[in-house]
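Each value in this text was obtained by applying a stated rule to the coordinates, not by laboratory testing. Here the structure is a predicted model, which means the values were calculated and not measured. Quick reminder, even Gly has a Cβ in these numbers, built from the backbone with ideal geometry, and neighbours come from all protein chains shown.
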Amino acid sequence: MLHQEAVIVQELSLAERALRIFSKFLKSHLELEDQLLLPAHETITAEKSWRTLIYQEEHKKLLSLLSNMREMMSKPPEPHDMRRWVIEFIDYERTFKNVMEHHEEREEKGLLMELDNHLDTDDLHSLITQCHLAWQESYDSMREDIEDIRSQLP
């Protein structure tokens, strides 16, 4: 994660910019799931399944943790507290990463496999295309900022 590189070298203005970009990507990803993948999943289960509810709760948890990280980033420490703050931030972010890893695993072993196994080829291809185009659009809109941050890191 680009913002972590900036945190480690104590470039907090770059870290905040990078975290803001990451936030946009994550929100875009979660919206895509909420608007495309979860409704498609509900069509094959014929109801709102417990898995759908778990995905939605995980989305809320991820956004809450991310909001807390952004809040931490918006209150930079005094210079003499910087090293401790960096450790605290990275430690806190580990919680976020744990939730994200479990979420991705559930998607890969559950949601995506079920969609792959139950949707017809045309519907599946349509979902994949929509997801790819949305991701590419998000990335393209932020590419210059990402490259600018990378170029400023030591």
Phi-based couplings in Hz for the range 141-152 (Karplus 6.51, -1.76, 1.60; Gly and Pro marked x): 6, 10, 4, 4, 5, 4, 5, 5, 5, 4, 5, 8
Signed unit charges on C-beta, dipole axis of the chain, positive-most listed residue 127, 153, 73: 73
Helix 12-32 axis, angle to the chain major axis (alpha carbon atoms, nearest 10°): 10
For residue 9, distant residues with modelled amide H under 5 Å away: none
Label of the coordinate-derived value, percent of Cα pairs over 28 Å apart, listed as [x] 31; [y] 12; [z] 8: [x]
Likely footprinting exposure, 85, 135, fewest C-beta neighbours within 10 Å first: 135, 85
